């Protein structure tokens, strides 16, 4: 592919906006003629015959797929570890998690091994790794990017709206470049809406109303995390119309609503995937523990709709909401289950389906990155991206991981 790109360029032919750009793809997304395991042993030799919609679009734009990046089994963990490829470490500290489930993507971008990757996000799987590894990522509005060819299928009832795919990169400008390429209906995924993307360059920052909160009322973040969020707000104060300390009242119900939605769907589709892969008897114990009996569809759907409505009513008064990505920087390996409440900061916006950009905003005492969530109204990715660019510009460059400091293994 690289040779063909060079030859096309020599002829004066431009293949697309990503002509010759090398990139990687999360291993839960199908890539033709490249093994796509989804982190489960039953698929360790599975080679798709066709690209996922998103991959096909990237190839048509000229991108060159270098390889796949690690994911936990079936993407179902905030720790990127599985029985096929093992554990992914954080480039800033090998004893720490890179996040999940797109932890392989964030780690390789942070380490300088890939400029661009595609992740998936059901509870924070693009945003948590971006936070842990100091990279950028966007969870687009649910219904923006086709999921055709992702290991987690569409059509899963209420949980269906929680999952989307999106780009991860080193700089916000690369998200701007990639998002239009992968967006829009493929006439296969029935949830995708033909909604035009706005232009971040046309956003009038001076008209924006910004809200921020540093504590979601569920778990209190570290002092450095609080300071990082406040620092982003300070960087915007002179650029936007208003910056208010305000938190949606409904957000404290995030764990209850998320768990109800998850419990209702999880058992059925996880078992279906495992049976299809041939690994129903080899499932990771952590994944197995999350298979719960189904709840009543009507009750869960009503609770989810109520949560979304109350959150929307809050955003009627704001264009942007700033908040932590997580209560903590990257945890030590194996720390996910003990601190699951810390991940509710991202889960809230899977429930709403809103677009969220993550950029780095600080550093922990241990030298670990700290990110901030830039949340926008539905279909307003361009507003979140415009604000993200301003924050990135204001806060400057952050230190990259010093890979030479790590012991050789």
Gaussian network model of the chain, Cα within-10 Å springs - most flexible of 40, 254, 83 = 83
What length, rounded to one decimal in nm, is gained on full extension from residue 338 through to residue 50, with 0.36 nm per residue of separation minus their alpha-carbon distance?
-> 99.7 nm
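What is the antiparallel percent of DSSP beta bridges lying wholly in the stretch 22-405, to the nearest 5? Numbers along the way, then the final one.
Numbers: 30 of 42 bridges.
DSSP beta bridges in the stretch 22-405 are roughly 70 percent antiparallel.
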Over the stretch 22-405, the quotient of the Cα radius of gyration and 2.2 N^0.38 Å is 0.90
Spacing of the two label points (7 Å from each Cα toward its C-beta) at residue 244 and residue 317, in nm | 0.3
Between 328, 85, 345, which gets the highest mean-square fluctuation from a Gaussian network model of the chain, Cα cutoff 10 Å?
-> 85
Mind checking the full-extension length gain between residue 231 and residue 1? Use 0.36 nm per residue of separation minus the Cα-Cα distance, one decimal, nm.
-> 78.5 nm
So how much slack lies between residue 404 and residue 305, counting 0.36 nm per residue of separation and subtracting their Cα-Cα distance, in nm?
-> 30.7 nm
Taking the mean number of other Cβ atoms within 10 Å as a proxy for protection, how do you rank 105-114, 70-79 from highest to lowest?
-> 70-79, 105-114
Square roots of five times the Cα gyration tensor eigenvalues for the stretch 36-83, Å | 23, 13, 9
Could you check how many percent of all C-alpha pairs in the stretch 356-409 are farther apart than 15 Å?
-> 56
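With each run of n ≥ 4 DSSP H residues scored as -39500 (n - 2.57), what mean residue ellipticity at 222 nm is computed for the chain after dividing by its residue count and rounding to the nearest 500 deg cm²/dmol?
Working: 11 runs with 128 residues, N = 409.
Taking each H run of at least 4 residues, the total per residue is -9500 deg cm²/dmol.
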Protection proxy ranking of 372-383, 182-193 - average other beta-carbon atoms within 10 Å, highest first = 372-383, 182-193
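Based on the mean of other beta carbon atoms within 10 Å per residue, what is the order of 334-342, 117-125, most packed first?
Working: 334-342: 15.1, 117-125: 28.0.
Result, highest mean first: 117-125, 334-342.
FYI, it's all coordinate maths here, none of it is from the lab. Just so you know, these numbers come straight off a predicted model, no measurement behind them. Please note: Cβ atoms are built from the backbone with ideal geometry, for glycine as well, and neighbour counts cover all protein chains shown.
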